[in-house]
Amino acid sequence: MQLANWAHDLTESLLAEALPQRWAHSQRVYSQALALAPVLGKDAELLAAAAIAHDIGYAKVAVDTGQHMIDGARYLRDVVGADPRLCSIVAFHTSSSWEATELGLADALGEFELTDPELVDAVTYCDLTSSPVGDLVDPAERLSEVLERYGPEHVVFRAVSAAQPELMARVARVRRRHAESMVAKLS
């Protein structure tokens, strides 16, 4: 768990004091990732690292474009020299592609290669099952909360509205893989 511990310490140093709710959310996303470890095998640690660091782009030192997924991935890549796969998962998590399109940041997102779509699914699942204050939540309720919080004029509202079918499909894929893994272990 060396990579995950490193990501945890880095994220805590950037979010815990300055953005305590974001830190609480990130910790729940991390615990959700740990719960998926049996399904992921060798990629479990990478998911755990991406889960804890997924919102690092909200940290003041990381803000560049204003799109936290890209900003977090750039910070991880450019400032701390993180593994490119970790940067990719952070860059593409949840509704990133839709937000980048809305904001005219497709080229910035294009700096990162989508290398691990299954891990992007997994971190999205973890994100959508974690409330803004770190409670477990149903993904559909989480998306409704995001839409209500931002309102129809905001870019996040438009992006999440457009992304919602795919986001729920990601959740379904992760749940299916988890269930299949559990059945296989019982056999």
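The values are calculated or read from the model by the stated rules, or taken from the named source; none is laboratory data. Please read these numbers as outputs of a predicted model, since none were measured by experiment. FYI the Cβ positions are ideal-geometry reconstructions off the backbone, even for glycines, and counts take in every protein chain you see. Please note that ligands, DNA and RNA were not included when accessible areas were found on the heavy atoms of the full protein model with its side chains. Shrake-Rupley method; radii C 1.70, N 1.55, O 1.52, S 1.80 Å.
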Original post:
Hey, does the range 53-64 have a residue that's closer than 28 Å to Leu3 by Cβ, touching a helix residue (DSSP H, G or I) at 6+ places or on another chain (Cβ under 9 Å), open to solvent by 70 Å² or more (accessible area, probe 1.4 Å) and of a type in the set (Val, Ile, Thr)?
Top reply: yes
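If you check Asp83, Asp138, Asp107, which single one turns out to be touching a residue at least 60 places away in the same chain (Cβ under 8 Å) and either closer than 17 Å to His54 by Cβ or of a type outside the set (Ser, Thr, Tyr) (or both)? Walk me through how you get there before you give the answer.
Working: Asp138 fails: touching a residue at least 60 places away in the same chain (Cβ under 8 Å); Asp107 fails: touching a residue at least 60 places away in the same chain (Cβ under 8 Å).
From the options Asp83, Asp138, Asp107, the qualifying one is Asp83.
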Tell me, yes or no, whether the range 2-17 has at least one residue that is among the β-branched types (Val, Ile, Thr) and farther than 16 Å from Ala82 by Cβ. no
Cβ pairs under 6 Å, 6+ apart or interchain, first in the range 12-41 and assigned to a loop (DSSP other than H, G, I, E, B), second crowded, with 18+ Cβ neighbours inside 10 Å and among the hydrophobic types (A, V, I, L, M, F, W, C), ordered by first then second residue, are Ala16/Trp23; Leu36/Ala122
Output yes when any residue across the range 19-26 is more than 18 Å from Leu167 (Cα to Cα), out of contact with any strand residue (DSSP E or B) (no Cβ under 6 Å at 6 or more places or on another chain) and either buried (at least 24 other Cβ atoms within 10 Å of the Cβ) or of a type in the set (Ser, Thr, Tyr) (or both), and no when none is.
-> yes
Of (1) open to solvent by 50 Å² or more (accessible area, probe 1.4 Å); (2) part of a helix (DSSP H, G or I); (3) at pLDDT 95 or above, Met182 fails just (3)
The condition from (1) of a type outside the set (A, V, I, L, M, F, W, C); (2) closer than 17 Å to Phe92 by Cβ; (3) in contact with a Cys (Cβ under 8 Å, 6 or more places away or on another chain) that Asp43 misses is numbered (3)
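With a cut-off of at least 1 residues that are within 22 Å of Tyr30 (Cα to Cα) and open to solvent by 70 Å² or more (accessible area, probe 1.4 Å), name the helices (runs of 4 or more DSSP H) lying wholly within the range 97-176. Walk me through how you get there before you give the answer.
Numbers: elements: 106-109, 117-128, 139-150.
Hits in the range 97-176: 117-128, 139-150.
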Residue hits (the range 65-96; out of contact with any His (no Cβ under 9 Å at 6 or more places or on another chain), open to solvent by 10 Å² or more (accessible area, probe 1.4 Å), hydroxyl-bearing (Ser, Thr, Tyr) and not in a helix (DSSP H, G or I)) are Thr65
Log entry, pairs with first residue in the range 163-176 being basic (Lys, Arg), second being open to solvent by less than 20 Å² (accessible area, probe 1.4 Å) and not in a helix (DSSP H, G or I), beta carbons closer than 9 Å, six or more apart or on different chains, reads Arg170/Thr94
